[in-house]
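Data first, discussion second: the structure below is written as structure tokens.
The values are calculated or read from the model by the stated rules, or taken from the named source; none is laboratory data. A quick note: this is a predicted structure, and the numbers were derived from the prediction, not measured. Note that each Cβ is placed from the backbone with ideal geometry, even for glycine, and that neighbours are counted across all protein chains shown. Keep in mind that these areas ignore ligands, DNA and RNA; they rest on the heavy atoms of the full protein, side chains included. Shrake-Rupley method; radii C 1.70, N 1.55, O 1.52, S 1.80 Å.
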Amino acid sequence: MKIPISWLKDFIDLDGLSVEDIARKLTLAGMEVDEILYVGLPMPVYKEGEKHEFKTNGIAWDKEKIVVAEIREVKAHPNADKLTLLDLYDGEKDQVVLTGAPNIFHLKGTGRLEKPIKVAYAKEGSVLYDGHAEGQVLMTLKRAKIRGVDSYSMVCSEKELGITEESDGIILLDDDAPVGTPLADYIGDAVLDISILPNMARNANVIGIARELAALTGRELKVESPKLQVQPATSNLQSVTDLVEIELKNPEINPRFTAGLIRDVEIKPSPYEVQRRLKLAGIRAISNIVDATNYAMLELGQPLHAFDYDVLKERAGKKKVKLTVRSAKDGEKVTTLDNKERTLTSSNLLVCDEKGSLALGGVMGGLESEVTDNTKNILLEGAAWNFINIRKTAKQHNLPSEASFRFSRGVHPAMADQGVKLGLHYMSQWANGKIAPGIVDVYPLKPKDSVVQVTAQDVKKLLGIDLTLQQISDLLTKLDFKCKITNNQLQVTAPNHRMDIGEGAIGLADVLEEVARSYGYDNIPTTTMADALPPQTGNPVHEWEEHLRDLLVALGLQEVLSYRMTSIEKESRVVQHNTYVQFANPIAPEKSVLRRSLIASVLDNLEKNIRLSDSFALFEIGSIFEPVKNNLPNEPRKLAIAMTGLRKENAWDVKDSTTYDFYDLKGRLELLLSGLRLTNISYAGSDSILHLHPGKCAEIKIGAVVIGVFGELHPLVKEKYELGDSPVLVAEFDLEAVRGVNPTYGITPVSEFPPVYEDIAVIVDESVLAETVEALIKQTGGRSVSQVKLFDVYRDEKIGAGKKSLAYNLTYQSDKTMTDADAAAIRNKIVKRLEHAVGAKLRS
Amino acid sequence: MLDKLNEIEKSALESLKSVTDAAALEAWRVANLGRSSALMGVFSEFGKLSKEEKPVIGAAANRVKVKLEAEFESQVQAVKNAALAKSLEEEKLDVTLPGRTKFIGRLHPSTQQLRRVLAILAEMGFQVYTSREVETDEYNFQLLNFPPDHPARDMQDTFFIKTDSETDNPMLMRTHTSPGQIHAMRQFTKTNPQDPPPIRIALPGMCFRYEQITARSEVQFNQVEGLAVGKNITFADLKGTIADFVRRMFGEGARLRFRASYFPFTEPSAEVDVECFVCGGKGCQVCKNSGWLEILGCGMVHPVVLQNGGYDPKIYSGFAWGMGPERQLMLRNKINDIRYFWGNDVRFLEQF
Ligand SMILES: [Zn+2]
């Protein structure tokens, strides 16, 4: 909320504190100042290298050049019908000022004014906002000839001075404005834009902030402001209690309703100073009566509603007005003063008279009983509402207002009558109304005072500071808590403007927070935890996943992290599922469900990027979401990989790079699994993996457990994406399955005897799998064959149709130096075994 | 005879000067030091000399031989050097041509930042604890002291899961990692309900808010929370722990300040600002000229939360703090659009 410093000064002496000092104190105490807007007061000047503290904006008014002046006569311009020449006195000299302001145009040629008009006068060289430019553009006022008349100064609009965006018409100051005084001294201001936290609703008003400042500075809060204490004047007017009665049907959500009456008001604009403050606070100035309700609300925090009493009286058949607050009937209608008909539900509260509904309680008034320019007598309502109920109603009808903002955060019922008194006071001042005696006050449900017991030990235990009960008491008293010390205990009673102090353990925490705030967070020491360090066990699952990420990155794969939210259409391009975890309130159609496939996420990312590079190798590790009927979904962790494009980057001397295929992916997976220390891995072709090419895909098994699948994307699936021409290879692992396999640790000792290397090539039927041949070699060679590496697969007519040649590098190793004869013996054994088992023939 | 030797020496050295390749060198050696060279001729005529001449001539002939051999060797070296210099010159590359690169992998920037944060927390004794992303209203809100319809819920707009029937405890996407606080406390209290052990954990993970996706707001983001619960933990300890963390995370000199704030699940609560590390506090775009960056929220665990976790607030106290790795990266790297993170544009990812 926006609070002008000038308004705060009505309630606290701020002498000697800069605007930044004030903003800093409030910010540290939980009322964060998001921005300081200067409207006339001098702005801080930072020297080179000096630290800033706040986001600042606005304009300072030059005290020499911008002053209060008075217009004594409005004369015609000799050469321009729409312009006037003002005879103006600036406190030192008479001046002639040219203006086109429409709001004094009607005085043109009426001779010397009976009552001079007070204005904001800017002399040559003043820096102002350009009144004709869009937005806020600074300009310096220069001498010029306009239609033959010398112009060197001006009377200012609100826009030129940075008060509002209003440029149509000049500011008409109040009659008591002191001519010749620098305008900055008269109405120069700075506005603090303060974020109000949910537990600080009590501070969404000027007095609330002033009270906090008083506590923070040790100064006095001048709440003893006479306007709050004044009871409605006793006079010979009829008391409001004789004219109006009130009935509350739902005290638990509407615990209090008060009303006062003011007669014979004269509806006109408010004094300029009132308008200015309202505008700086972000509220439009409308008329003295509406302004008075808003002004009192901003000042005290109690929203008010003004009814046209004569309309109510008319509806009551000129008899006693009877207001009832009750739940709306489902489907009941009310037209709110924004001229919208609203259909209500039973959770909404209606203020009614005997003829029907008048207002949506606590949220917005009704059209019929609204104050108009012809209103004479006003019934002013100040009521209390349950904040949750108001919050729901305001949401339901999409009616955020200054009133519902406050009511939906909680306004203490004790404020209701004070608000009415304050509102009536301003109406009497600004509209010359006469306040009727008395106040109607129906208060069936008075909230209990919050009382909390605090000990010095409580403060020590939670905050870590040693304070005496007296010190604690002093800190809380500054914030209007009532404190009583008895038997090493402090009995603390919350002030009646607060609803955020609970009872028992919660109340204790609430009060300790206030002790900490009042003491100052900055003054609390900084200590090292002395509490016992719990046993450190690590998080093996998390660490394992991080290790997996490192392995994947080492293999040249780029990690991506995707939205968990997707659409069924997007996912079904690659996998089809019948059920999904769906959102009740999706934010967009393409984010309406939780993903079930991590492959889909990675492919989406691949598709988005496909034009940006010639080569991709992406991976993601994350949860997918499997729906469970009437329960939380399963969130298994998965790994997905996608690769496509060039093996090597083409460059100025590399033109012939080939594209990734099945075996590129497989090689990486082999390295990955060996990095995880997994052995006993087998790869089995499969035709049941629907999204993969049936001839170019495989399941990865460890023993009988399938831990993942991989292969080339099925051409029909690939068609549904824009993924370029190269084959797309994908893999997906179930991480729980992978983690479930016990890794093999231990290494094979490195022999000190030299190995013997030999190549053999065997011709086998096409149907014989490489895996089978390799397994046979290893089995037969036993410990003597330390490595088997396939280096060539060859097909040729000479070998014969339906045959292939597999060529292997064999490494023989023994516990002694191996001779050629030893090697030959092993080789012969292997060849014989291959002949016997798969009909292999040694290729010479 | 001496004259002859001088003559041999002079002419041999003269001719050596013009020898510039290996073949000519060999020819010179044969001509001047070979068996049939003039110098060798002097040696072969040695026997004919007189007794007096022998030592004089012998010494002179040897001197010439040594001299020619030395000069020959140095010429061999010179020729070699010249050839090497020539070939080095010829092999000169344009060093400004681009090098041959290799496709490499990287971790997503969020993962990198999460690791930095978690590594610091691990050093401080906070161990990783993870929990689910789809939660119940109970765990995400109610047990954390957000009553239904409380204004504090406005701070965390929520994605709800569609169900067949209305319920008081709807499923939702967690709006923070704090449900993990309850999960962890309940898990720890199981081991010893009468005297549950102290807790020091880090809770990382993806969180979700119902917000329009713009440069400033996203529907998902990572969060890391630290939680400490024990019998002797104070707000002063919270300040000390945060100061320690900030020092490790942002450097020795990073100034910080605690501002009073509000979170339903902590009380007292605070926001922590760190002096802007982009401008050093002088004011810049990143800190909106304030000189401070809001980097984490913290507070003493609310008694209701301790109670719900099975820790008696009369005996135990604790603190928690939370922060966003993506926000840290944005501030540090002057990233002006949060959508980059899940956009996964390789041109963005490659820069980390
Ligand atoms: Zn900065």
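Yes/no per residue for (1) at negative phi; (2) open to solvent by 40 Å² or more (accessible area, probe 1.4 Å); (3) touching a helix residue (DSSP H, G or I) at 6+ places or on another chain (Cβ under 6 Å); (4) among the polar types (S, T, N, Q):
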{"position": "B:Lys4", "(1), (2), (3), (4)": "yes, yes, no, no"}
{"position": "B:Ala24", "(1), (2), (3), (4)": "yes, no, no, no"}
{"position": "B:Ser36", "(1), (2), (3), (4)": "yes, yes, no, yes"}
{"position": "B:Val42", "(1), (2), (3), (4)": "yes, no, yes, no"}
{"position": "B:Glu45", "(1), (2), (3), (4)": "yes, yes, no, no"}
{"position": "B:Lys48", "(1), (2), (3), (4)": "yes, yes, no, no"}
{"position": "B:Glu53", "(1), (2), (3), (4)": "yes, yes, no, no"}
Scanning the range B:271-293 residue by residue, those farther than 17 Å from B:Arg259 by Cβ and either crowded, with 17+ Cβ neighbours inside 10 Å or near the ligand (Cβ under 6 Å from one of its atoms) (or both) turn out to be B:Phe277, B:Val278, B:Cys279, B:Lys282, B:Gly283, B:Cys284, B:Val286, B:Asn289
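Need at least 1 residues that are aliphatic (A, V, I, L, M) and touching a residue at least 24 places away in the same chain (Cβ under 8 Å) per element, so show me which strands (runs of 3 or more DSSP E) inside the range A:654-713 make the cut, counting only ones lying wholly within it.
Working: elements: A:681-685, A:692-702, A:705-713.
The strands (runs of 3 or more DSSP E) meeting that bar are A:692-702, A:705-713.
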Of the listed residues (A:Ala436, A:Ala403), the one being over 32 Å from the mean Cα position of the chain (by Cα), among the small types (Gly, Ala, Ser) and crowded, with 20+ Cβ neighbours inside 10 Å is A:Ala436
Per the filter on the range A:109-136, residues in a loop (DSSP other than H, G, I, E, B) and open to solvent by less than 70 Å² (accessible area, probe 1.4 Å) are A:Gly109, A:Gly111, A:Lys123, A:Gly125, A:Ser126, A:Asp130, A:Gly131, A:Ala133, A:Gly135
Across (1) open to solvent by less than 10 Å² (accessible area, probe 1.4 Å); (2) in a strand (DSSP E or B); (3) within 30 Å of A:Phe11 (Cα to Cα), A:Leu350 clears everything bar (3)
I'd like to know if the range B:294-315 contains one or more residues that are open to solvent by less than 30 Å² (accessible area, probe 1.4 Å), within 16 Å of the ligand (Cβ to nearest atom) and not basic (Lys, Arg).
yes
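Answer yes or no: is there a residue in the range A:62-76 that is part of a loop (DSSP other than H, G, I, E, B), open to solvent by less than 50 Å² (accessible area, probe 1.4 Å) and touching a strand residue (DSSP E or B) at 6+ places or on another chain (Cβ under 9 Å).
Within the range A:62-76 (the criterion being part of a loop (DSSP other than H, G, I, E, B), open to solvent by less than 50 Å² (accessible area, probe 1.4 Å) and touching a strand residue (DSSP E or B) at 6+ places or on another chain (Cβ under 9 Å)), the answer is no, since none of the residues qualifies.
Considering only the range B:174-213, state which residues are assigned to a strand (DSSP E or B) and facing chain A (nearest Cβ under 8 Å). Full working, then the answer.
Residues of the range B:174-213 assigned to a strand (DSSP E or B): B:199-208.
Correct list: B:Ile199, B:Arg200, B:Met206, B:Phe208.
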Within the range B:243-270, the residues that are among the basic types (Lys, Arg) and away from the ligand (no atom under 15 Å from the Cβ) are B:Arg247, B:Arg248, B:Arg259
Here the residues within the range A:617-640 that are more than 9 Å from chain B (Cβ to nearest Cβ) and either among the aromatic types (Phe, Trp, Tyr) or not in a strand (DSSP E or B) (or both) are A:Ile624, A:Pro636
So the strands (runs of 3 or more DSSP E) completely within the range A:726-844 holding 3 or more residues that are farther than 30 Å from A:Leu548 by Cα and in contact with a helix residue (DSSP H, G or I) (Cβ under 9 Å, 6 or more places away or on another chain) are A:756-765, A:803-812
Checked the range B:92-110 for anything of a type in the set (A, V, I, L, M, F, W, C) and at the interface with chain A (Cβ under 7 Å from one of its Cβ atoms); matches are B:Leu97, B:Phe103, B:Ile104, B:Leu107
For A:Val706, the lone unmet condition from (1) under 45 Å from the mean Cα position of the chain (by Cα); (2) open to solvent by 20 Å² or more (accessible area, probe 1.4 Å); (3) within 14 Å of chain B (Cβ to nearest Cβ) is (3)
* If we scan the range B:138-150, do we find a residue that is within 17 Å of A:Asn634 (Cα to Cα) and either open to solvent by less than 60 Å² (accessible area, probe 1.4 Å) or more than 11 Å from chain A (Cβ to nearest Cβ) (or both)? -> yes
*For the range A:544-556, state whether one or more residues are under 20 Å from B:Val272 (Cβ atoms) and touching a residue at least 12 places away in the same chain (Cβ under 8 Å).*
no
Within the range B:214-224, the residues that are in a loop (DSSP other than H, G, I, E, B) and surrounded by 16 or more Cβ atoms within 10 Å (Cβ to Cβ) are B:Glu218, B:Val219
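Residues are listed down the side, and each one gets a yes or a no for (1) more than 29 Å from A:Ser408 (Cα to Cα); (2) at pLDDT 95 or above:
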position	(1), (2)
A:Pro271	yes, yes
A:Arg276	no, yes
A:Lys279	no, yes
A:Arg284	no, no
A:Asn288	no, yes
A:Asp291	no, yes
A:Asn294	no, yes
A:Met297	no, yes
A:Ala316	yes, no
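Would you confirm whether or not the range A:485-498 contains a residue that is assigned by TED's automatic domain parsing to the domain that holds A:Val325 and free of Cβ contacts under 8 Å to residues at least 40 places away in the same chain? Even if it seems obvious, please write down each step before you answer.
Of all residues in the range A:485-498, those assigned by TED's automatic domain parsing to the domain that holds A:Val325 come to none.
The answer is no, given that none of the residues of the range A:485-498 is assigned by TED's automatic domain parsing to the domain that holds A:Val325 and free of Cβ contacts under 8 Å to residues at least 40 places away in the same chain.
Is it true that some residue in the range A:377-390 is open to solvent by 10 Å² or more (accessible area, probe 1.4 Å), under 23 Å from the mean Cα position of the chain (by Cα), β-branched (Val, Ile, Thr) and over 27 Å from A:Pro271 (Cα atoms)?
Of the range A:377-390, the ones open to solvent by 10 Å² or more (accessible area, probe 1.4 Å) are A:377, A:381, A:385-389.
Keeping just the survivors that are under 23 Å from the mean Cα position of the chain (by Cα) gives A:387-388.
From what's left, β-branched (Val, Ile, Thr): A:388.
With over 27 Å from A:Pro271 (Cα atoms) added as a condition, the list becomes A:388.
Yes, the conditions are met somewhere in the range A:377-390.
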Checking the structure you have, find out if any residue of the range A:596-604 is at the interface with chain B (Cβ under 7 Å from one of its Cβ atoms) and modelled with pLDDT of 95 or more. no
Conditions (1) more than 14 Å from chain B (Cβ to nearest Cβ); (2) open to solvent by 10 Å² or more (accessible area, probe 1.4 Å); (3) under 26 Å from B:Cys284 (Cβ atoms) -> A:Ile22 fails only (2)
If we keep only residues of the range A:462-497 that are within 14 Å of chain B (Cβ to nearest Cβ) and outside any helix (DSSP H, G or I), then the residue most open to solvent (accessible area, probe 1.4 Å) is A:Asp466
Reported set for the range A:523-543 where residues are open to solvent by 50 Å² or more (accessible area, probe 1.4 Å) and either more than 7 Å from chain B (Cβ to nearest Cβ) or more than 34 Å from the chain's Cα centre (by Cα) (or both) is A:Asn523, A:Ala530, A:Ala532, A:Leu533, A:Pro535, A:Gln536, A:Thr537, A:Pro540, A:Val541, A:Glu543
